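Throughout, read-outs are computed from the coordinates displayed, never taken from laboratory work. Since the model is a prediction, treat every value here as computed from it, not as a measurement. Here the Cβ positions follow ideal geometry from the backbone for every residue, glycine too, while neighbour counts run over all protein chains shown.
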Amino acid sequence: MKKILIITIFAVFMTSSAFAATNAITFPTTFDKANTGKTVYGDSTDASATNVNAALIGKTSSGVGCSIKSTTLGYAAVTQHLNGTKAFASSNDSTSIYSKVVTAGTATSNFTNIGTTDFASWTAM
């Protein structure tokens, strides 16, 4: 339930103009405790996990990682817990939350498109 709440919060925040620029915030190559629980900042020209001068978008819980891809046309986001066996995703062109079985401790592959294109093989909830 906590994972669904987190992805829903990110989906709500991403509908704002804070994600107007073409940006991607992705899972790090090494998916471990140090690369989870990050704070996401953004504005119309710079959405990143490090620009503390930009508007605060949200923060994941300890152990939770996220990937966000956004353009002026839309967004897609994926989140998963370090010890979890499911990843969850959503996008601007769908009311569904998608899920996919993953290996605990292995980050979900980064996606390349906005919208639901990369979630075709995922299960819609």
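Computed from phi, the 3J(HN,Hα) profile of region 96-108 under the Karplus parametrisation 6.51, -1.76, 1.60 (θ = phi - 60°) reads 7, 9, 9, 9, 8, 6, 10, 7, 4, x, 10, 5, 4 Hz, with x in place of Gly and Pro.
Rounded to whole Å, the principal axis extents of the Cα atoms in region 60-125 read 32, 21, 18, largest first. Coupling constants for region 73-89 follow from the phi torsions by the Karplus curve (6.51 cos²θ - 1.76 cosθ + 1.60, θ = phi - 60°), and in residue order they are 8, x, 8, 9, 9, 10, 9, 7, 8, 3, 9, x, 10, 9, 10, 10, 9 Hz; glycine and proline get x. Remark: spin-label model distance T112-T85 equals 3.1 nm, labels positioned 7 Å along the Cα→Cβ axis.
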